[in-house]
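The values are calculated or read from the model by the stated rules, or taken from the named source; none is laboratory data. Remember, it's a predicted structure, so these values are computed and weren't measured experimentally. Here the Cβ positions follow ideal geometry from the backbone for every residue, glycine too, while neighbour counts run over all protein chains shown. Accessible surface is based on the protein model in full, side chains and every heavy atom, while ligands, DNA and RNA are left aside. Shrake-Rupley method; radii C 1.70, N 1.55, O 1.52, S 1.80 Å.
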Amino acid sequence: MTQASPPVRGLADSVIMVILAVLYGAAAFVVFCSSGLFGNFGENSWRDTALLAVTLTASCALTYISMLYYGYWRRRPNSTGDPEALEWHFLIPCRDEENVVAATISSARTSFPFAHVWVIDDASEDGTAAVVTRAMAFDDKVHLISRVRPEARIGKGEALNYAFSVVSDFVGNEPTRRAQTVIGILDADGYLSDDALKFLAGPESFGDPAVGAAQLEVWMKNRDDRRPLPERGMFANVVARYLIRMQDLEFRATNSAMQALRVRTGTVGMGGNGQFTRMSVLDQVAEKYGKPWGNKLAEDYELGLRILGLGWRNHYVPEGHVSQEALPFTQRLLTQRTRWAQGNMECASLLPELRRAKALKFSGALEIHYFMAQPLIMMVNLVLVPVLTYFAVIDGRFGLATGADVMVQIAVAAVFLFIPYASWGVLYRGKTREEGRGFGGIFLGIGALIYLYATYLYYPRAMARLLTGRNAWAKTARNMDGRNMPALASIFDVRSLPVLDRAALAQLATDLGSTQLATNFANAFAMMWPRRMARLEEAVAAGNHEQARDAAGSIQVSAAMVGAAQLEASGAQILAVAQAGDPATAHAALVQLHQIGDAALDSLRELRLEAA
């Protein structure tokens with residue numbers, strides 16, 4: 001049985017939206033049709049049609065952007081609840097993710113000891129399964145779901161559907177338990193903030209029985225990296241840092257504002273990372289469609305639309321967040337965004353069903369139809385604006401001579417091209433002032449404006465793929481994939497020390513008064529190791545010596561307690577190496593430290609097998 005959407009404050013929002021559209025439409029008509037900047041309206045039928053089309057798209061764009069700011073500043077804060085009142089299961093789809101998945105498992109299990117983690121190995125060709133198996137040796141709430149060809153590698157949605165069937169059997173058929181069970185989707189590099197589940201369990205989210213799904217805000221965890229491409233030169237790293245910062249701005253400013261508006265319009269969309277859904281709602285989706293997740297490239301957004309169509313409400317939680325890697329590579333970013341754009345366009349096929357279900361209010365229908373129409377609007381602008389500008393220049397209408405015309409042209413460019421988009425940098429700066437050091441909001445806004453126009457690169461590609469029937473799901477490579485790092489010298493000479501000092505473990509059991517407590521401590525050390533290592537790597541990459549010192553100290557102290565002598569000695573030296581300022585040496589030290597830590601975990605696992 002579905003839940004009815006609550007009464008909305010949508011009438012006022014709809015009125016504001018209509019008023020803005022009329023005002024912006026009138027202003028755009030004056031600028032493009034009446035001012036003479038692009039020709040005299042009424043003299044040429046094709047030019048008149050083009051000017052009216054640009055007038056319409058400009059007024060729609062400015063109305064939408066204004067509503068985004070309105071929704072953001074009028075958003076209501078979320079409050080917390082008790083996450084342990086619900087049952088949580090995290091699904092992590094993986095295809096060749098050995099470089100990142102260990103830290104993701106570690107982060108999830110150490111932050112939320114009551115949650116289960118299910119890693120879906122989609123026929124990986126690397127050591128993903130071995131990484132998960134190592135974690136399972138120390139934690140019975142970590143599970144591996146293995147898929148093999150030909151069923152595997154046919155899309156993220158199918159991997160999630162298979163995993164859902166496994167978790168569904170694990171949970172059982174009791175209706176109340178399924179309604180109180182929440183399925184979360186994390187990318188293989190996704191870290192949840194420690195307070196994420198508290199806000200998701202709050203009265204505005206899953207504490208409300210009408211909420212079927214919720215989406216967390218997304219952050220870029222490598223946003224402070226000084227050298228995202230350590231093997232490349234200065235210029236490549238400047239570009240990489242710019243791309244990373246713009247992706248963080250995109251998710252935490254523009255996308256977050258969009259979702260804040262959608263909370264008001266009832267059209268919150270689900271993302272691929274940090275989406276959470278009630279198991280009972282997924283049951284209803286599966287009952288109607290045969291399976292919860294569909295085959296579209298944006299299977300996450302598709303799921304959100306299906307949930308809305310069933311009468312449930314989606315919610316957005318910016319107070320909690322999930323972190324992921326930003327892409328510092330232009331080609332990988334282009335490939336990823338092309339896939340996302342194509343997937344969103346594919347989801348337009350669900351709009352008739354939403355209209356028939358009458359699941360959307362007026363403001364929601366306007367928001368979602370405009371969002372779906374953006375690719376077409378961009379294509380119209382991509383063709384018409386250069387053509388109109390060309391003929392205006394030929395006619396001598398765009399000149400640099402002094403006078404009122406030049407001031408009008410500057411005002412038009414500022415109002416229609418610069419201010420609405422560049423102001424996102426100011427908003428982002430306000431949200432993350434402690435992280436925006438070295439950047440002013442205006443400069444960030446200029447960068448955001450340039451980044452935004454990259455949309456004109458991937459929407460045409462996405463549309464071409466859609467029209468030609470190319471819809472293969474291509475995984476985006478991780479930042480470490482395919483890198484050819486130089487040979488690294490050994491930094492720490494710890495061969496004279498034992499990998500694992502069993503006497504120290506025995507002493508720990510004596511100090512704690514229980515062998516079981518010592519075993520539990522060793523298990524916790526093993527589960528926390530990947531996350532501790534990841535924190536150290538992130539701090540070193542960002543040049544944050546204080547955080548690096550804390551991370552290295554945590555490694556050293558915990559290693560000493562379990563008798564990991566080599567790791568303890570290396571942890572004591574790593575900070576000096578990192579602070580020396582040589583990126584190659586620091587990288588070599590981190591690689592070696594990682595290997596030493598993994599060897600300690602292997603020894604602990606062997607000890608457990610002996611005890612068993």
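Rg(Cα) of the chain divided by 2.2 N^0.38 Å?
Against the compact-globule rule of thumb, the ratio is 1.06.
Out of the total accessible area of the chain (probe 1.4 Å, heavy atoms of protein only), what percent is carbon and sulfur? Don't jump to the answer; show the numbers that get you there.
Numbers: 16100 of 26750 Å².
The value for the chain is 60 percent carbon and sulfur by accessible area.
Can you give me the angle between helix 156-171 and the longest principal axis of the chain, using Cα atoms only, in degrees from 0 to 90, rounded to the nearest 10?
50 degrees
Can you give the longest stretch of the chain with no exposed loop site, where a site means GluC sites (Glu not before Pro) in a DSSP loop (not H, G, I, E or B) with at most 12 other C-beta atoms within 10 Å?
Result for the longest clean stretch: 152-433.
Mean residue ellipticity at 222 nm from the helices of the chain, using -39,500 (n - 2.57) per DSSP H segment of n ≥ 4 over the full residue count, to the nearest 500 deg cm²/dmol?
It lands at -18500 deg cm²/dmol.
Using a Cα-Cα cut-off of under 23 Å, which lysines could be cross-linked to Lys291, ignoring same-chain neighbours fewer than 8 residues away?
The qualifying lysines are Lys156, Lys358, Lys475.
For Val171 and Ser514, FRET efficiency with R0 = 35 Å and r from the beta-carbon atoms, rounded to 0.05?
Working from the Cβ atoms, E equals 0.60.
At q = 0.16, 0.17, 0.27 Å⁻¹, what is the log10 ratio I(q)/I(0) for segment 512-591, with the Debye formula run over Cα points and no solvent?
Calculated log10 I(q)/I(0) at the listed q: -0.58, -0.64, -1.29.
With unit charges on the beta carbon (Lys/Arg positive, Asp/Glu negative), name the residue among Gly309, Gly571, Trp340 whose Cα is farthest towards the positive pole of the charge dipole of the chain.
Of the candidates, Gly309 comes out farthest on the positive side.
Relative to the present Cα-Cα distance, how much length would full extension add between Arg549 and Glu610 at 0.36 nm per residue of separation?
On the way: separation 61, 0.36 × 61 = 21.96 nm, distance 3.55 nm.
The span from Arg549 to Glu610 would gain 18.4 nm if fully extended.
Mind pulling up the Rg/Rh value for segment 118-260? Radius of gyration and Kirkwood radius, both on Cα.
On the Cα set of segment 118-260, Rg over Rh gives 1.02.
Just to verify a number: what accessible area does Thr176 come out at with the full protein assembly present, 1.4 Å probe, Å² rounded to tens?
Approximately 90 Å² of Thr176 is accessible to the 1.4 Å probe.
Keeping all protein chains in place, calculate the accessible area per residue for the chain (probe 1.4 angstrom), answer in Å².
Values: 26750 Å² over 612 residues.
Heavy-atom SASA per residue in the chain reads 44 Å².
Give me the angle, in degrees from 0 to 90, between the Cα long axis of helix 502-512 and the longest principal axis of the Cα atoms of the chain, rounded to the nearest 10.
80 degrees
Give the shape of segment 196-349 as rounded, prolate or oblate, defined through the alpha-carbon gyration tensor: a ≥ b ≥ c are the square roots of its eigenvalues, a/c under 1.5 means rounded, and otherwise the shape is prolate if a/b is larger than b/c and oblate if not. Mind dumping the intermediate values first?
Values: a/c = 2.64, a/b = 1.75, b/c = 1.51.
Verdict is prolate for segment 196-349.
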